[in-house]
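One structure below.
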Amino acid sequence: MSGIFGVFHFDGKPVDVMTHLDTLEQGLRHRGPDGSDLFSEGMIGLGHLAMHITPESVHERLPYAQGDKGPVITADARIDNRDELFDRLGIHESERCGTPDSQLILKAYETWGEDCPRYLVGEFAFAIWSRETRTLFCARDHMGFRSLFYCKTPGRFVFSSEIMPILALPFVRPELEEWALARALVKMPGMPGGELSFFKGVLELRMGCSLTVRAGSD
């Protein structure tokens, strides 16, 4: 599986690439045998560590920015209904073979907005930054094959494919979440929208769910 991560300063402050993005990247290094890259632009920073598992992914470059003003995506994904999506989105056959799954997700997002996960079949966890609306949209597949953990602190939102890189950040306190431990022991149901992890303030996005963080939010 590839690895994705990101930091969004919804209070408008610039992202610290050297400290925060590099920390997340190092924690996911084992997921990137085929390379890694970063995207940073003011209040947003996204990262990707590549593990090629499909023919299209060999030439995929993530994070992918659509021009200077378009959305930016980072994704850990394998989309299984590619042909159906190509037809729905009206993509010409000559463009289909070389289109990686991440760009197909991005086209779905541009067409259906935050409803796009409903049209996707496969394994995925992704984050899309909209420069136009200054929002970060994250989603996870319906069966939970790909993971996505996140943490929100004053003025800042961070996500990662794994929990340990988040806990390594200087602004996250790795305190044990006793309620989550007790819930796991007695198999109680999870919390709406976010699944408690064993650490306070860090949640796992539930399977089939999505979330949106907006600039200027609390």
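With both labels modelled 7 Å from their Cα along Cα-to-Cβ, the residue 95 to residue 58 distance reads 2.3 nm. Here the accessible area of the chain is 53 percent carbon and sulfur, with a 1.4 angstrom probe and all protein chains present. Compared with the alpha-carbon gap, the fully stretched path from residue 41 to residue 81 is longer by 11.2 nm at 0.36 nm per residue.
Computed with a 1.4 Å probe over protein heavy atoms only, the accessible surface of the chain comes to 49 Å² per residue. Look at the alpha carbon pairs under 8 Å that are at least 6 residues apart: their mean separation over the length of the chain gives a relative contact order of 22 percent.
Extending 7 Å from Cα along the Cβ direction at residue 88 and again at residue 51 yields two label points whose distance is 2.7 nm. For the set 209, 97, the ranking by accessible area, highest first and with no ligand, DNA or RNA atoms included, is 97, 209 under a 1.4 Å probe. Run the paramagnetic zone check for residue 18: 7 angstrom along Cα to Cβ, then residues of segment 41-63 with backbone nitrogen under 19 Å. Of the residues in segment 41-63, 41-46 have backbone N under 19 Å from the label point off residue 18. Extending 7 Å from Cα along the Cβ direction at residue 133 and again at residue 171 yields two label points whose distance is 2.3 nm.
Computed from the Kirkwood radius of its Cα pairs, the Stokes-Einstein diffusion coefficient for the chain at 20 °C and 1.002 mPa s stands at 122 µm²/s.
The values are calculated or read from the model by the stated rules, or taken from the named source; none is laboratory data. Just so it is clear, the structure is predicted and the values come from calculations on it, not from any experiment. Don't worry about glycine lacking a Cβ; one is built from the backbone with ideal geometry, like all the others, and counts go over all protein chains shown. Just the protein is used for accessible areas: all its heavy atoms, side chains included, with ligands, DNA and RNA removed. Shrake-Rupley method; radii C 1.70, N 1.55, O 1.52, S 1.80 Å.
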